[in-house]
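The values are calculated or read from the model by the stated rules, or taken from the named source; none is laboratory data. This one's a predicted model, so the numbers in the text were calculated from it and none came from an experiment. Quick reminder, even Gly has a Cβ in these numbers, built from the backbone with ideal geometry, and neighbours come from all protein chains shown.
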Amino acid sequence: MSSSSRHLTHSDLLQLKRWNTPTIYNGWEQITRHNAGADAFNIEETRDFMPQMGPMVGYAVTLVIEPSNAAHRQTNPNAGAEFRRYIASVPGPKIIVVQDLDKPRVLGSAWGEVSANMFRALGCVGTITDGAIRDLDEMTNAGFKALARRLCVGHAFVHPVRWGCEVEVFGRTVKPDDLIHADKHGFMAIPPEDQPKLLEAARFMDANECATVIPAARNGAGQSTDELVANLEASITQFSANVKSQFSRQGEW
């Protein structure tokens, strides 16, 4: 089965984009067999440089760079064109996840005005890089969102080292075709086996919160302390019962 046949529909991706990444996590933890306390999300702190663009959702395509090492340009001078052809061949929407081998140093950026516009044209909606970005305003104007370690001035000797492989960014292993959901809180790299039920689970958990604990808290005006606490405890019990009924698991409360 091809990767594109496993992908969620465009409609489903747009619905996932309506929620922030913590809400997607709330759904994912109910359906996954992975460790919900340690897997799928970034371990190290990252920064969303375009929070005004909201969440980004797409499938991971991967790249490894080493901006400090000029030898890569001589070793494989055609790597740039080969990488762009690879990106063009993969169904979108795509998010380019970049491992920078110079880490923890940051010497050059793979991303700026030109690259953002090129890869946006190739169906990429953004990047997650544990290196740097530059031309922040121009990247934003191109509609190319970025989570990165920091900003920098130059590009040094950026050149593709390898791609289409497993990478590690911000303490998280990401594989090609992982579903990426990212915003100002961080990102999730959701493996293929967890993707089909993700939207339903996120939708359920959001609706469950909005029908139980949140209204119990917001409707507490004028109640005595005892009444408020009793109503909150009842709402938490109902929230957990709903989760258990839907997923056969205990809710977070």
| remark: Of the residues in the range 166-186, those that are closer than 11 Å to D130 by Cβ and outside any loop (DSSP other than H, G, I, E, B) number 5
| Could you list, in sequence order, the residues of the range 77-97 that are of a type outside the set (G, A, S) and free of Cβ contacts under 8 Å to residues at least 12 places away in the same chain? | P77, N78, R85
| query | From the list A201, A156, which one is touching a residue at least 12 places away in the same chain (Cβ under 8 Å) and within 23 Å of Y25 (Cα to Cα)? | reply | A201
| Tally, over the range 65-81, of residues that are aliphatic (A, V, I, L, M), outside any helix (DSSP H, G or I) and more than 29 Å from I24 (Cβ to Cβ) | 1
| field | Qualifying residues in the range 158-175 (those that are of a type outside the set (V, I, T) and surrounded by 18 or more Cβ atoms within 10 Å (Cβ to Cβ)) - the one nearest to M50 (Cα to Cα) | value | F170
| Conditions (1) modelled with pLDDT of 95 or more; (2) in contact with a Ser or Thr (Cβ under 6 Å, 6 or more places away or on another chain): number failed by L136 | (2)
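Conditions tested, residue by residue: (1) part of a loop (DSSP other than H, G, I, E, B); (2) not aromatic (F, W, Y).
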position	(1), (2)
D12	no, yes
P22	no, yes
D39	yes, yes
Q52	no, yes
L63	no, yes
F83	no, no
P91	yes, yes
V98	no, yes
